[in-house]
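First comes the structure, then the notes that go with it.
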Amino acid sequence: MAIDHCQSLFQWERWNCPKSTFNRQQRLISTKETAFSKAIIAAGIAHSITKNCSQGQIEGCKCQNTDKFPIDQQLKYKNHQEKIKTLSGDVRIKKEVTENVTKGVNNDKNVEWRWGGCSDNPMFASQITEKIIDSMETGIDVPAYISRHNAKVGIKIIQSSMRRKCRCHGISGSCTTQTCWIQVAPFEEISRKLKDLHRKSVRVTHSAVEKSIIIGNSASDVLVQVKEIPGTENRLIYMVRSPDYCVTNFTEGYLGTKGRMCSRNRSNVTKMEKNSCRNVCKKCGHTVKRMQKKVARRCNCKFSWCCEVKCDTCHEVVNEHFCI
Amino acid sequence: MPGTILENLSGKKLSILISVFLICQLACFLLGLIAPSPATTQTILATVCVDENPLSSRSATDKWFTRQCSKSIQLSDPKATIGLDANNLVFVTEMPLLNLDYSRWQQNLVGILQIDMVYQNEQKILNPMIELTLDSRLAFSDKTPNGGKTPWKYYSHAEEKRYMNCIFEERVEEKHGYPYNCTMVALFELGSLFHDYYLLNLRMPYNYTTKKNIDLGKVEDVYLHTIYMNGGFTKVWVSLKTVFFPILLSIMTWFWHRVHKLNRKPVLLEYMLISLGCTLAFLNLPIEFLSLTFEMPYMLLLSDIRQGIFYAMLLSFWLIFAGEHMLIQEHAERNTLKRYWKHLSTIAVGCLCLLIFDLCERGVQLVNPFYSIWVTPVGTNLALAFIILAGISAGLYFLFLCYMIWRVFKNISIKRSVLPSMSQARRLHYEGIIYRFNFLMLTTLICAAVTIISFILSQVDEGQDKWDETMDLELSSIIHTGVYGMWNIYICAMLILYAPSHKQWPLDPNCSDGEEVEFSRIPNESASNEISALTSLSAKTSID
């Protein structure tokens, strides 16, 4: 989900969100773009956990108090972690059958639910995601700090775009009693917000990051305290200026812009798309080649719920532009 | 109503009584602390199942799709819906989520539908008002002793229309796939949560000729927000009622007993007080216990009616109380309800309107839980008409009440200015009336202010946009128990303090021995049991 959204957002830019960015095994240098992809992955995980929770696919999305974190949930969350490690991109959490859920725990839950109800799914999902991110990036070095920070920004975006909905159900349906809940914004909205953050991201120096990681020793373990670098709250951070995405660099995982498609549509398109040929091709020193293609396109469509789009087929010649 | 306990009680005893009331009040607020919030929501994402034989399942009432249906799809995947049409799709929600089951303590269930619709590139921006046709079926199931579930049984079925308002943000640059911002639609309301599990099978049939769902765009997700009472809150609530009910009953019998000890017929205000007590006792009657063993879908309607009767009585009481303390000597018929017919009719009209409205909405929901009066234009107009009429009569009522209170105060100030020149008996009589009136005015104002402030507080609390995780305090339940307790205590206090006093009976514990009585009355006067203030007045003057 994260990749799809990322790719459609960056379709007309030099960096087009290649799949390799989402490969966890690869350690990438901390550019704006990796920062963005970290954030969107985290947001994607939180979003899909929320969705799966409300579909009843994951156990333990319920009766979650902020201070206690029941054991079976931790077990489950370890399971998610395994999944996430194996699946590098799209996070799809399927229903997992864990034998570890004892009946007793379930009964406790039921009692708790009957007493006070639990409806905290979105919050729960972002807490879980934060834990997953923490356990994925266990390092205490600078890149780990940066990627953790950016992932947290992604989660925060989810949290800040939650909407509160209320419903009155008092006497005769009046508002003497009303109940509210929070609802996660659609992922489209979140990914667009993250793209704005990508534009506004802040560059930090190596030493500033080091300063913010305070390492203290305790008897058993190394204690790591992390504090925020001033001015980076709710901002994506990066260290290295983005490389030249025009040229191919396999080690860093991008293919250059040669062969990419650009658009010369003038009407009814975004600014980015309008300038895409100049940005993606010409400025990189490529030339734009126009290829004419005859396509059968759907036109005059009439959508009828659910699944049918009644369209005429129009044959037209379209120009496709490529960088060569 | 000459000679009430309030006037004859010593300052010390009055303060003790008031502090007991305040402690009870505090206890009610504290009780709210242990209760969870009155209701919670659970959001359930519908599983989209494919019905291969939509025609045969149309009439079948025993064919149910569950979350584990044989073929489920993701609507966001365009490939999944190839070859299907709207009649094939069944949106399945099993309530509650996961391995939980409903408890009868949770009382009622409200279902609200949220349809996530996205913009398609080939599509025009839809007109904002979308008419939905929803074919919804409800089934229920119960737990079996060995931990399983009984098979789904038919509960209800209806095809209803709903209106949904959708806005598309035009500013968005990349429109394709961007969601519309749609309002939610109320789907059903169950007055009793008798069974352990419920299942909703929702279809959105498409039919061009009968104009079913023709405006609907591409739906990606359907969510059902379920709102149910919290079991814990019901428990606290019902125990509050169970405690108040016998206390109130005993106070009422004591009061009525006292009134009957007098050698006269009860006066109007005493009738009003006892009937106010009766309506409150009816409200306090913990019939919620019955809903634990019997299926009572009319509970919502019944609780509306109970509250409505109580409020109507309370409003009438205030009106008549003000009228009876007018301090103008009129004639013999001042003790009858007839004198107040104009004022009382505003209450009657208002309450009748609300009752009809409630019967139209919740009454019909007994038969069809998916029914809503707000859907059809006629229904909406009718409902609005009733509500506006009720609003007008409420406004009229308050005008009457304010006018009467203003007149009482005017009379009080006139009488005050001539008080020193009066004979002592006359003065004490008037001071008694003024004191009684001021006391009720003060307590009523305090209670009303507390109610209004707490209501506003709860609105502010609920209305805030930010979600605060650390907020553990359940303000709304504190307000509910606190305000409920407050009106109970208010009426108990009225019954005790406005009961006729018999100072000459030393056995009665509630009567002071008269060391520091607020108004030492002349023994002759308190012994004579007049019916009206007028006769008492003449008696006094004759003594003088």
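Here are a few things to note about the model shown:
- Accessible area buried at the B-A interface, both sides summed, 1.4 Å probe (Å², nearest 100): 6000 Å²
- Segment B:40-229: relative contact order in percent, alpha carbon pairs under 8 Å with at least 6 residues between: 37 percent
- The mean number of Cβ atoms from other chains found within 10 Å of a Cβ in peptide A:163-171 is 6, as a whole number.
- Helix-only [θ]222 nm of chain B, DSSP H runs n ≥ 4, -39500 (n - 2.57) each, per residue, nearest 500: -15500 deg cm²/dmol
- Count Lys and Arg as plus one, Asp and Glu as minus one, and take only other residues whose Cβ is under 11 Å from that of residue A:183; the net charge is then +2.
- For the pair residue B:302 and residue B:413 in one chain, pulling the backbone fully straight at 0.36 nm per residue adds 35.5 nm over the alpha carbon distance.
- Peptide B:315-325 has a mean of 0 when you count, residue by residue, the C-beta atoms of other protein chains within 10 Å of its C-beta.
- Per-pair calculated FRET efficiency, R0 = 35 Å: residue B:402 and residue B:242 via Cβ, rounded to 0.05: 0.40
- Less than 5 angstrom separates the built amide H of residue B:39 from those of B:230, all sequence-distant by 5 or more or on a different chain.
- Over 26 Å between alpha carbons, listed pairs A:131/A:211; A:152/B:218; A:294/B:71; A:274/A:294; A:156/B:175: A:152/B:218; A:294/B:71
- Pairwise centroid distance, computed over Cα atoms, of segment B:1-32 with segment A:135-209, Å: 52 Å
- Within segment A:275-293: backbone nitrogen closer than 19 Å to the residue A:314 label point (7 Å, Cα to C-beta): A:292-293
- If only the Cβ of Lys and Arg carry +1 and only the Cβ of Asp and Glu carry -1, the dipole of segment A:152-194 around its Cα centre is close to 140 debye.
- Computed over chain B, the alpha-carbon pair-distance distribution with 20 angstrom bins reads 17, 42, 26, 13, 2, 0, each value a whole percent.
- Protein accessible area in segment B:40-229, 1.4 Å probe - carbon and sulfur %: 50 percent
- Scoring B:47-56, A:186-195 by mean Cβ neighbours within 10 Å over their residues and listing the highest first yields A:186-195, B:47-56.
The values are calculated or read from the model by the stated rules, or taken from the named source; none is laboratory data. Note that the structure is a prediction, hence the values are computed from the model and not measured. All Cβ positions, glycine included, derive from the backbone under ideal geometry; neighbour counts span all protein chains shown. For the accessible areas, the whole protein counts, side chains as well, though only heavy atoms, and no ligand, DNA or RNA atoms are used. Shrake-Rupley method; radii C 1.70, N 1.55, O 1.52, S 1.80 Å.
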